[in-house]
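Below: the structure, in structure tokens.
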Amino acid sequence: MATKYIYVMGSESGVGKSTVCMGMLAQLLESGLAPKQLAYIKPVTQCIAKQTVALFCEQNKIPFLGIGNLVFRKGFSRDFIDGLTKSTDELKTDVMASILGISEDKEVVIIDGVGDPSVGSVVGVSNVDVALALSCHVVFVGKPGIGAALDNTVLCVSFMQHKGLTNIGIIYNKIPLPAFADVKKYVAKRLPELLREVTLLGFIGNDQIVESCPKDNSSTKIAQWFGSYVDERTLVRDWLGLKTEKQNLMHTKLPLQ
């Protein structure tokens, strides 16, 4: 069994990558995968506070590592440049070991990135550097809006493509509900003209029910909320290429006579 990796990167910190990670995990559970077939990891981070997605994994018995072994603490870049930290190769080896360790016997592993695609470049361990070491599908989480959101998407995705990443899907998050219809209309129209080799996976409104403690929202409820914005078939079957037993049964079920 070849593990499928989904690497989640964003336009900037706070754009809602972890929300997307949790939504995808809930959707994968609802599609028929068992918790033991999944894993979540944030191998590189700037924040050591426990995230809601880690609580979700804990409550749903999904293997996870919420805080990896590479933390960009204040002054880390200066220390690296001064030769006071591990080398790039050593840092990357540690990060890869944590990812591969949690990936054993897993169907899908979701990797929660840190900031935008280039974060970590100063030490040679950016989101893109790590993703290139794996065979990844990449989800880019864009910020809300039209002009500025598209400009930023072109900048970030072009950088990823230049570095060699493919299989890039895009989700726009935290869109104000009054502007939702306009944002979806114009971004969906213009994005394929700007970036032909990407998959537009969906638009998510700012009714972020998953930002509250997961114990108040079952995985089914989160999956339904996420699925109202990101179609399960588009994400799981068409883009990720994953065929679960539940999907196979639905696909082969004979029509009623």
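The values are calculated or read from the model by the stated rules, or taken from the named source; none is laboratory data. Remember, it's a predicted structure, so these values are computed and weren't measured experimentally. A quick note on method: Cβ atoms are made from the backbone with ideal geometry, for glycine too, and the neighbour counts reach across all protein chains shown.
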- Can you confirm whether segment 58-65 contains a residue that is within 27 Å of Phe159 (Cβ to Cβ) and of a type in the set (Phe, Trp, Tyr)? no
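With the condition kept exactly as written, say whether any residue in segment 73-81 is of a type in the set (A, V, I, L, M) and either surrounded by 15 or more Cβ atoms within 10 Å (Cβ to Cβ) or touching a His at 6+ places or on another chain (Cβ under 7 Å) (or both).
Within segment 73-81, the first condition is being of a type in the set (A, V, I, L, M), and the residues that meet it are 81.
If we keep only those that are either surrounded by 15 or more Cβ atoms within 10 Å (Cβ to Cβ) or touching a His at 6+ places or on another chain (Cβ under 7 Å) (or both) too, we end up with none.
So far as segment 73-81 goes, no, none of its residues is of a type in the set (A, V, I, L, M) and either surrounded by 15 or more Cβ atoms within 10 Å (Cβ to Cβ) or touching a His at 6+ places or on another chain (Cβ under 7 Å) (or both).
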- Message: For the list (1) surrounded by fewer than 18 Cβ atoms within 10 Å (Cβ to Cβ); (2) closer than 27 Å to Ala49 by Cα; (3) not acidic (Asp, Glu), I need the number of the one condition that Pro192 fails.
- Response: (2)
- Selected residue (criterion: surrounded by the most Cβ atoms within 10 Å (Cβ to Cβ)) from residues of segment 35-44 that are out of contact with any Ser or Thr (no Cβ under 8 Å at 6 or more places or on another chain) and more than 16 Å from Gly16 (Cβ to Cβ): Val44
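Are any residues in segment 13-35 in contact (Cβ under 8 Å) with a residue 60 or more places away in the chain, at negative phi and in a loop (DSSP other than H, G, I, E, B), and if so, which ones? Break it down stepwise before answering.
Kept after step one, since they are in contact (Cβ under 8 Å) with a residue 60 or more places away in the chain, are these residues of segment 13-35: 13, 15-33.
Narrowing further to those that are at negative phi: 13, 15, 17-31, 33.
Ser13, Val15, Ser31, Leu33, listed by residue number.
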- Note on the structure: Taking segment 34-46 and keeping residues at pLDDT 95 or above and among the aliphatic types (A, V, I, L, M) leaves Ala34, Leu38, Ala39, Ile41
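Condition first: farther than 26 Å from Arg237 by Cα and among the charged types (D, E, K, R). Now tell me which residues in segment 17-57 satisfy that. Let's see the steps before the verdict.
Residues of segment 17-57 that are farther than 26 Å from Arg237 by Cα, as a first pass: 43-52, 55.
Correct list: Lys50 only.
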- Message: Quick test for you: out of Lys106, Lys50, Lys61, Lys86, pick the one residue that is part of a loop (DSSP other than H, G, I, E, B) and at positive phi.
- Response: Lys61
- Message: For segment 128-227, give me every one of the strands (runs of 3 or more DSSP E) that falls completely inside it and has 2 or more residues that are under 25 Å from Lys92 (Cα atoms).
- Response: 136-142, 168-175
- Query: What single numbered condition from (1) free of Cβ contacts under 8 Å to residues at least 60 places away in the same chain; (2) out of contact with any strand residue (DSSP E or B) (no Cβ under 6 Å at 6 or more places or on another chain); (3) surrounded by 21 or more Cβ atoms within 10 Å (Cβ to Cβ) fails to hold for Ala49?
  - Reply: (3)
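Taking only segment 119-162 into account, find how many residues are among the β-branched types (Val, Ile, Thr), in contact with a Lys or Arg (Cβ under 6 Å, 6 or more places away or on another chain) and closer than 30 Å to Pro178 by Cβ.
First, the residues of segment 119-162 that are among the β-branched types (Val, Ile, Thr): 119, 122-123, 125, 128, 130, 138-139, 141, 146, 153-154, 157.
Applying the additional criterion that residues be in contact with a Lys or Arg (Cβ under 6 Å, 6 or more places away or on another chain) yields 125, 128, 141.
Remaining after also requiring closer than 30 Å to Pro178 by Cβ: 141.
Counting residues in segment 119-162 that are among the β-branched types (Val, Ile, Thr), in contact with a Lys or Arg (Cβ under 6 Å, 6 or more places away or on another chain) and closer than 30 Å to Pro178 by Cβ gives 1.
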- Message: Scan segment 209-225 and tell me whether some residue there is at pLDDT 90 or above, surrounded by 13 or more Cβ atoms within 10 Å (Cβ to Cβ) and within 22 Å of Asn152 (Cβ to Cβ).
- Response: no
